[in-house]
1. May I ask you to list the residues in the range 180-200 that are β-branched (Val, Ile, Thr) and within 24 Å of Val169 (Cα to Cα)?
2. Modelled with pLDDT under 90 and either open to solvent by less than 30 Å² (accessible area, probe 1.4 Å) or not polar (S, T, N, Q) (or both): which single residue out of Phe168, Phe133 fits that description?
3. Looking at the range 112-133, which of the residues that are aromatic (Phe, Trp, Tyr) and touching a residue at least 12 places away in the same chain (Cβ under 8 Å) is nearest to Phe79 (Cα to Cα)?
4. Out of all the residues in the range 33-51, is one or more open to solvent by less than 100 Å² (accessible area, probe 1.4 Å), among the hydroxyl-bearing types (Ser, Thr, Tyr) and under 30 Å from Pro129 (Cβ atoms)?
5. Of the residues that sit in the range 1-32 and are assigned to a strand (DSSP E or B) and open to solvent by 70 Å² or more (accessible area, probe 1.4 Å), which one is farthest from Met101 (Cα to Cα)?
6. From Glu175, Glu152, grab the single residue that is open to solvent by 100 Å² or more (accessible area, probe 1.4 Å) and modelled with pLDDT under 80.
7. The conditions are (1) closer than 22 Å to Glu10 by Cβ; (2) of a type in the set (Lys, Arg); (3) modelled with pLDDT under 85, and Lys42 fails exactly one of them. Which is it?
8. What residue, among those in the range 370-384 that are in contact with a helix residue (DSSP H, G or I) (Cβ under 8 Å, 6 or more places away or on another chain) and surrounded by 15 or more Cβ atoms within 10 Å (Cβ to Cβ), is farthest from Phe271 (Cα to Cα)?
Amino acid sequence: IYADPAKRLELYFRPKDPYCHPVCANRFPTSTMLLRVRRRTKKKQQLDTEEQIQPEVQFEMEILGIVTTVYKFQGMSDFQYLAMHSGPDGKQTSMYDKVLMLKPEKEEFFNRDLPLYIPPPIFSRLDTPIDYFYRPDIQHREGYNNPQVSGENLIGLSRARHPHNAIFVNFDDEEIPTKPLDAAVQNWKKVCTNPVDKKVEEELRKLFEVRPVWSRNAVKANISVHPDKLKLLLPYLAYYMLTGPWRSLWVRFGYDPRKHPEAKIYQVLDFRIRCGMKYGYAATDMPVKAKRSTYNYSLPITVKKQGSHTVSVHDLKQGLGTAGTSGAKKSPSSRYKLKESIYIFREGALPPYRQMFYQLCDLNVESLQKIIHRNDGTESECTERDGWCLAKTSDDLRDSMSLMIKQIIRSTRPALFSNTTSSEDGKEQLAYESGEDEDDEEEEEEEFKPSDGSENEMETEILDYV
């Protein structure tokens with residue numbers, strides 16, 4: 001907890017109880033000293049029994065160090081939920097020995113008839129009291145009637161999302177948009193008030209002229225633009241594909257990749273680094289860490305959140321796209337640029353994340369490009385699963401890329417593969433790498449479902465524009 005300034009210190013009143021809800025302390029900086037105080041008492045010899053002599057007391061103090069961080073418990077304790085059962089006579093019976101498995105048990109342990117015990121899935125999200133500031137009922141004039149409840153005046157559970165007016169297109173849609181929405185044009189014109197913004201707009205236009213389909217990460221790696229401005233600029237120049245081989249990508253207005261066989265090089269490949277004992281290395285041995293981990297989960301009862309810089313319309317008008325704050329180390333031309341590895345796959349280099357979305361043209365390996373262009377000139381149909389490529393082209397690409405990554409890990413960490421025997425037949429090794437053994441009942445990757453894209457980055461990007 002001390003290593004992460006954003007986390008809170010948890011105190012459990014019953015550490016051995018898995019159902020115990022903790023109280024949390026907030027982290028504060030301080031400048032205090034840690035002292036060691038010793039009290040020494042020295043008794044004097046008593047000569048006369050009638051006189052009482054006070055013992056001599058001495059104090060010794062020593063400064064052990066400086067305290068720079070303290071944790072203060074300022075919140076209230078939440079309800080504590082015990083594993084108890086109330087009988088018909090009101091008697092409480094403990095269920096800990098019935099629901100907690102502390103050692104390997106036999107089948108009888110799981111077949112016992114027990115009262116239903118379902119602990120709450122979540123506790124209070126806040127541990128400090130707040131004022132709701134209730135307003136008094138509005139006194140209307142005589143004859144006033146309440147309006148009918150509709151989606152326009154209904155108070156939702158959360159604030160409405162800021163509309164960015166992007167146009168979403170499914171693979172099954174017949175027509176594609178040729179121009180942006182009027183609201184998208186107005187939003188961009190509202191913030192495009194300085195030469196820097198106009199320059200960024202022209203740079204993005206040139207990118208779409210060279211290549212009609214781009215991912216958002218690829219745009220970020222080629223143009224230095226503030227993310228909040230990019231949310232307004234992309235819907236101004238392109239539409240967003242929700243499903244199909246170009247899902248999660250931005251397509252230039254007026255360009256329909258379903259009608260151009262040469263657009264297969266812009267298709268998306270959802271690639272995930274495979275890990276498991278059958279591949280020779282476990283998830284903990286992976287040199288590429290996951291973006292998110294359950295081990296780093298922080299409780300949602302935060303009292304003190306780290307302040308983030310909120311971007312207002314005024315900031316956007318002042319050219320936040322490249323100007324930013326003074327004293328920044330990066331130059332304006334590369335302040336918001338991402339590295340090329342965020343969207344380009346190269347042989348001999350590991351991807352930055354375990355799950356990546358590559359466009360086929362960004363797989364800079366000759367063997368992979370041969371797989372992609374196997375049917376050049378003979379493309380007959382554009383399907384939702386494979387686009388203009390041959391069937392199972394994505395599977396072949398994943399197998400080859402996984403084999404390359406395994407070789408990289410083998411060279412950097414040979415101890416992981418010291419006990420595994422290398423196969424002489426390349427086909428056998430490739431089948432082993434792709435997990436296509438007949439005896440293996442579990443499949444590493446899910447079966448393709450039409451109109452279902454990947455779930456994390458693409459869904460997050462969609463929510464930015466809804």
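1. Across the range 180-200, the qualifying residue is only Val185.
2. Phe133
3. Among those residues, the one meeting the criterion is Phe123.
4. Taking every residue of the range 33-51 in turn, none turns out to be open to solvent by less than 100 Å² (accessible area, probe 1.4 Å), among the hydroxyl-bearing types (Ser, Thr, Tyr) and under 30 Å from Pro129 (Cβ atoms).
5. The qualifying residue farthest from Met101 (Cα to Cα) is Ser31.
6. Glu152
7. With (1) closer than 22 Å to Glu10 by Cβ; (2) of a type in the set (Lys, Arg); (3) modelled with pLDDT under 85 applied to Lys42, the lone miss is (1).
8. Glu379
The values are calculated or read from the model by the stated rules, or taken from the named source; none is laboratory data. These figures come from a predicted structure and were not determined experimentally. Every residue, glycine as well, gets a Cβ built from its backbone with ideal geometry; the counts of neighbours run over all protein chains shown. Areas reflect the complete protein model, heavy atoms only, side chains present, ligands, DNA and RNA absent. Shrake-Rupley method; radii C 1.70, N 1.55, O 1.52, S 1.80 Å.
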